[in-house]
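Notes follow the structure.
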Amino acid sequence: MVKVNIDHIGILVKDIEKAMKFYENLFGWKIPDEEPYRGKIGFVDEPGFKYKYALLKAANNVYLELLEPVEGPWVKDLREKGEGAFHYICAEVEDIDKMTGQLADMGIKPTFSADFQTSLTEKKYIVTPSRNKIAFLPRERTMGTRWELIERPIKVR
């Protein structure tokens, strides 16, 4: 069995600045000064898929990822579900190859695309510029919950 930890929880927001202030005032959660999410606030700008994001440090090495969709499928999710809607859970895995193998044995094929629908063909995950390996699991195969899997090249926990 592969070791798995909850890394972060993504939620949809209408105004990322307002949401950041809210969570800092409510719980004291703010952008961390330490890895793995030091200073993580930004904007993703892909064709048909644009969003602002910020990762806030919560307790017990769990983070909250605020997602403000600007363009793409998450705009519809925000409109339908409302602000503060749960979007996905990210699990840090120590070996994504073993994990995707276990998933394959269960009939679960990882995906990666803006809409979480496009299946990976020959790859089991994508590799980000920071060398993180990431895969998403289709919620219709995971009891209705969207999951993101991440394996980092440098272990921080």
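Nothing in this text is a laboratory measurement; each read-out follows from the coordinates by a stated rule. All values derive from a computational prediction rather than experimental measurement. Neighbour counts run over all protein chains shown; Cβ positions are idealised from the backbone, glycine included.
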(request) Among the aspartates and glutamates, select those whose C-alpha is under 14 Å from the C-alpha of Lys3, and discard any that sit fewer than 8 residues away in the same chain. (result) Glu92, Glu94, Asp95, Asp97, Glu151
(message) I'm checking a number: the convex hull volume of the Cα atoms of the chain, normalised per residue, in Å³. What is it?
(response) 120
(request) Arrange the peptides 57-66, 85-94 so that the one whose residues have, on average, the most other Cβ atoms within 10 Å appears first. (result) 85-94, 57-66
(message) Counting only other residues whose beta carbon sits under 10 Å from that of Cys90, what net charge do I get with K and R as +1, D and E as -1?
(response) -3
(request) Note down the magnitude of the dipole of the stretch 4-151 about its Cα centre, charges +1 on Lys and Arg C-beta and -1 on Asp and Glu C-beta and zero elsewhere, to the nearest 20 debye. (result) 240
(request) Would you mind working out the magnitude of the charge dipole of the stretch 18-69 relative to its Cα centre, with +1 at each Lys and Arg C-beta and -1 at each Asp and Glu C-beta, to the nearest 20 Debye? (result) 200
(message) Taking amide H atoms as placed 1.01 Å from N in the peptide plane, list the residues 5 or more away in sequence, or in a different chain, whose amide H sits under 5 Å from that of Lys14.
(response) Gly84
